[in-house]
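Handing you a structure now.
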Amino acid sequence: MAIRPEEELAAQLFDRWLSGLGLTVKWRSVSPDPPDLAFTVAVQDREPEEWAVEVTGLFQYVDWNGKEGNIRNVQAPLERLAERLNKSTEHQQAVTGYLISGSGPFDVALKTIEDRAMDYIRSGRTETLVK
């Protein structure tokens, strides 16, 4: 199995941290996993040790259409919305930055949110608006 981006980043950061402590470090991905990674760690004058490393992400769970869902089900559409808004209002954002914040559980009416945000940004208003 190919190494996931978050596993590679975790491995690089852990390698850097261990190396900064003066340890000699080599790592590789493991297939099949678990664990995700294997580190060979050596201290001066000692036999190298094999360390198993599992990279785990933490997720918030939300009510998603009456079922348990991952918070990414809410965040991903909001991120795409922000990208569309940024692209549509680039010339206006040079002067003012805007922040849209949302949390759940809620039924995402993205088109309504997008239309309201677009109108708000184009109006040039800057006061806090809570809906």
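Every read-out reported here was derived from the displayed coordinates using simple, explicitly stated rules and does not represent laboratory data. This is a predicted model, so every value here is computed, not measured. Positions of Cβ are generated from backbone atoms using ideal geometry, with glycine treated the same way; all protein chains shown enter the neighbour counts.
Please find, in a Gaussian network model of the chain (springs between Cα atoms separated by less than 10 Å), the residue of Asp36, Asp15, Asp45 whose mean-square fluctuation is greatest.
So, out of Asp36, Asp15, Asp45, the one fluctuating most is Asp45.
With an 8 Å Cα cut-off and a minimum separation of 6 or more residues, compute the relative contact order for the stretch 1-53 in percent.
27
Count the net charge of all other residues whose Cβ sits under 9 Å from the Cβ of Glu54, scoring Lys and Arg as +1 and Asp and Glu as -1.
On the way: positive: none; negative: Asp33, Asp36.
Taking every other residue near Glu54 into account, the sum is -2.
Express the relative contact order of the chain as a whole percentage, based on alpha carbon pairs under 8 Å and six or more residues apart in sequence.
Values: 115 pairs, mean separation 18.4, N = 131.
In percent, rounded to a whole number, it is 14.
Ok, one more. If we count other beta carbons within 10 Å of each Cβ, what is the order of Trp17, Trp64, Trp27, fewest first?
Numbers: Trp17 11, Trp64 16, Trp27 19.
By the 10 Å Cβ count, ascending, the order reads Trp17, Trp64, Trp27.
I'm spelling it out carefully: the read-out is Rg and Dmax of the Cα atoms in Å, the candidates are [x] 14.9, 45; [y] 22.7, 69; [z] 16.1, 61, and one was derived from this structure. Which label?
It is the value labelled [y].
So between Arg125 and Asp45, what do we pick up on full extension, going 0.36 nm a residue minus the alpha carbon distance? Let's see the in-between values first.
On the way: separation 80, 0.36 × 80 = 28.80 nm, distance 6.66 nm.
My answer for the length gained is 22.1 nm.
Further question on the same structure: Taking H placed 1.01 Å from N in the peptide plane, check which residues at least 5 places from Trp64 or on another chain put their amide H under 5 Å from its amide H.
Gly69
How high is the FRET efficiency between Asp115 and Arg4 when r is their beta carbon distance and R₀ equals 35 Å, given to the nearest 0.05? Don't skip to the answer; put the middle values down first.
Working: r = 36 Å, r/R0 = 1.04.
Calculated transfer efficiency: 0.45.
How would Glu6, Glu114, Glu68 line up from fewest to most surrounding beta-carbon atoms within 10 angstrom? Intermediate results must be reported in sequence, preceding the final value.
Details: Glu6 12, Glu114 17, Glu68 8.
Fewest-to-most ranking of Glu6, Glu114, Glu68: Glu68, Glu6, Glu114.
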